Amino acid sequence: MGVTKADLFTKEQNELAQVAKVFAHPARVAIIEFLLRSNTCINGDLVQELGLAQATISQHLRELKQVGIIQGTIEGVSVSYCINPEKWMQIQQLFNGLFDQFLPNPKSCC
């Protein structure tokens with residue numbers, strides 16, 4: 001059996017690409033920003049905040065939850081979501097690890 005393309009890259013490279021893909025949609029970025037500001041929310045708040053349909057928001061929440069960026073609790077018919085602090089710190093370290101590799105050299109330019 002052949003090697004998958006994911007096998008050609010490190011665990012960190014694959015994880016960074018997966019997280020970057022989730023961040024690549026403006027609605028998901030808006031959801032994350034709302035959760036960061038409010039530190040928790042009820043799903044219905046997002047419909048009012050973003051002006052998107054409930055089904056659309058649910059799909060974006062599912063993507064964010066699948067990667068682990070958010071976590072949720074169910075109380076009756078309400079679902080509350082918040083940022084998963086452990087995953088958030090891992091993501092921050094992934095991106096910082098990438099960005100910290102760049103050492104600007106004013107004498108070199110292409």
Can you find a residue that is among the basic types (K, R), under 22 Å from L98 (Cα atoms) and either modelled with pLDDT of 95 or more or surrounded by fewer than 14 Cβ atoms within 10 Å (Cβ to Cβ) (or both) anywhere in segment 6-27? yes
Counted residues, segment 1-43 - those being in contact with a helix residue (DSSP H, G or I) (Cβ under 8 Å, 6 or more places away or on another chain) and in a helix (DSSP H, G or I): 18
Suppose we filter S108, S78 for residues that are in contact with a strand residue (DSSP E or B) (Cβ under 8 Å, 6 or more places away or on another chain), at pLDDT below 90 and exposed (fewer than 14 other Cβ atoms within 10 Å of the Cβ); which single one remains? S78
Output the number of the condition that L35 fails; it satisfies all remaining conditions of (1) out of contact with any Cys (no Cβ under 9 Å at 6 or more places or on another chain); (2) aliphatic (A, V, I, L, M); (3) surrounded by 15 or more Cβ atoms within 10 Å (Cβ to Cβ); (4) in contact (Cβ under 8 Å) with a residue 40 or more places away in the chain. (1)
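The values are calculated or read from the model by the stated rules, or taken from the named source; none is laboratory data. Every value quoted in this text rests on a predicted model; they were computed, and no experiment measured them. Every residue, glycine as well, gets a Cβ built from its backbone with ideal geometry; the counts of neighbours run over all protein chains shown.
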